[in-house]
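Encoded as structure tokens, the structure appears first; notes follow it.
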Amino acid sequence: MSQHITLGGKPDSRGFFGAYGGQYVPEPVKARLDELSGAFDAALNDASFQRELEYLFVHYTGRPSPVFHCANLSRMLGGAQIWLKREDLNHLGAHKINNTLGQCLLAKRMGKKRVIAETGAGQHGVATAAGAALMGLDCTICMGEVDIERQHLNVVRMEMLGARVLPATSGQRTLKEAVDEALAVWVNDPEMFYVLGSAVGPHPYPYMVRHFQSVIGREARAQMLQELGRLPDVCLACVGGGSNAIGMFAGFLDDMEVRLMGVEPGGRGTAYGEHAASLCLGEPGVLHGFNSYMIKNAAGEAGEVYSISAGLDYPSVGPEHAQLKDLGRAEYVSVTDQEALDAFFSLSRHEGVIPALESSHALAQAIKMAPAMSSDKVLLVNLSGRGDKDVTQVAALMRAARKENA
């Protein structure tokens, strides 16, 4: 029996995208999710909600973000032309603001006074703190202790914006544990709104996050037609939970001639605990209230993951990505830490654009592909964030490399 690709519309009534998604939660939590789902559907049918969000996209975020031809890098590599969708130019430096504005606006519409969010690299935390400040909402951000240390700049930014940052101290002390902590606080406070940052979690979150991030793909499609008179041959985006990728893919799903490629963190290798490539190396399983591909330990529970980029070290992935993988509509590959770091410096030194380490994974795959393609082919990379937040981490790596080579 043929499957229907649901990315352009709603999941089914139970929140499933094919075999993935759903609501694997206790009844009290399901009631709150159903309330959220009803409020979101009502907002989508309210023209005033859409107008306010569009106004904020233009006048607060600075949309539309442009596309940019990496002429120097393309010429150096030979082969395909590399273009960027510049989400790094959004207010606060990443795609996350698209989703947090939508969710904070919805929280205000629902009469909520407090919001909570998880964050890994910190960009979602910063964007949530900004959205909460704009809407007059009290804000709490949960962040793993390891990520607090390696992304300290974003911790300071969150606090400047009025948010409280709660450290997650269990397990690996990274993104999964931050989600655990945020969910625990949210479950015990019926008046709190959970601003989930990626296209994961129980329904309606994957659907809701994709809707708010789909502005990326809609803009990119129109911009490439305007700039080149044609669509790109391949769209690439990094995938952790998968929000920036699903937002980009949303604009091109029905264009079957456009390859969709998600790039996962291959970390230090394919051994257990050395990567966070859920789609490439994981298997189906349930985590945080939804069913998708995930990295499992020997007991079949969420396993240890690793990535050089704090925003990608999550042991599962959005359910729509799982569906697209099984349908064969999107391809998923992984690149290593070193490949991502090399791409980070390539873009910085040849185009004067410093990318986030997360985005560098997608760029690394484009750099690998371009030389083998003809010069009339086009690769469009979603540059989901800028690298300001990674400066301290990369500087430490540079110092270590100089010391080793001395």
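The values are calculated or read from the model by the stated rules, or taken from the named source; none is laboratory data. Here the structure is a predicted model, which is why all the values come from computation and not from measurement. Cβ atoms come from the backbone with ideal geometry, glycine included; neighbour counts cover every protein chain shown. Ligands, DNA and RNA are stripped out before the accessible areas are found, and what is left, the full protein with its side chains, is counted by its heavy atoms. Shrake-Rupley method; radii C 1.70, N 1.55, O 1.52, S 1.80 Å.
Structure values in brief
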| item | result |
| --- | --- |
| Relative contact order computed over the chain (Cα-Cα under 8 Å; 6+ residues apart), in percent | 20 |
| Surface per residue (accessible, 1.4 Å probe) for segment 44-156, Å² | 34 |
| Within-13-Å neighbourhood charge of LYS10 [Cβ basis; K, R +1; D, E -1] | -1 |
| Calculated Rg and Dmax of the chain using C-alpha coordinates, Å | 19.6, 63 |
| Table column - 3J(HN,Hα) (Hz), segment 329-342, Karplus curve with 6.51, -1.76, 1.60, x for Gly and Pro | 6, 10, 9, 10, 10, 10, 10, 7, 3, 5, 5, 5, 5, 4 |
| Net length gained if the chain between MET256 and ALA395 were fully extended (0.36 nm per residue, minus Cα distance) | 45.9 nm |
| Rounded to whole Hz, the Karplus (6.51, -1.76, 1.60) HN-Hα couplings of segment 92-104, x for glycine and proline | 6, x, 7, 6, 4, 5, 4, 7, 5, 4, x, 6, 5 |
| Accessible-area ranking of THR119, THR392, largest first, probe 1.4 Å | THR392, THR119 |
| Rounded if a/c under 1.5, otherwise prolate or oblate - segment 326-368, Cα gyration tensor axes | prolate |
| Under 5 Å, built H, 5+ apart or other chain: amide partners of TRP83 | CYS70, LEU379, LEU380, VAL381 |
| Segment 1-108, dipole about Cα centre (Lys/Arg Cβ +1, Asp/Glu Cβ -1), debye to the nearest 20 | 380 |
| Trypsin sites (Lys or Arg not before Pro) lying in DSSP loop within segment 32-97, provided at most 15 other Cβ fall within 10 Å | none |
| Fraction of antiparallel bridges per DSSP, the chain only, in percent to nearest 5 | 30 |
| When the convex hull of its Cα atoms is projected in every direction, mean area for segment 267-314 (nm²) | 3.2 |
| Options ALA401, ALA182, LEU53, ranked by Cα towards positive dipole end of the chain, top entry (Cβ charges) | LEU53 |
| Whether segment 259-406 is rounded, prolate or oblate, judged on the alpha carbon gyration tensor where a/c under 1.5 counts as rounded | oblate |
| Segment 179-284: GluC sites (Glu not before Pro) in DSSP loop, at most 12 other beta carbons within 10 Å | GLU191, GLU257 |
| HN-Hα J in Hz across segment 359-374 - Karplus 6.51, -1.76, 1.60, θ = phi - 60°, x for Gly and Pro | 4, 4, 5, 5, 4, 4, 5, 4, 5, 5, 7, 4, x, 8, 10, 6 |
| Rounded percent of accessible protein surface that carbon and sulfur make up, segment 1-105, 1.4 Å probe | 57 |
| Residue (of ALA39, PRO26, PHE16) at the positive-pole extreme of the chain, dipole from beta-carbon charges | ALA39 |
| Among the listed pairs LYS368/LYS403; LYS325/LYS368; LYS10/LYS325; LYS96/LYS296; LYS10/LYS96; LYS30/LYS112, those beyond 24 Å (Cα-Cα) | LYS368/LYS403; LYS96/LYS296 |
| Calculated P(r) of segment 160-272 - Cα pairs past 20 Å, % | 56 |
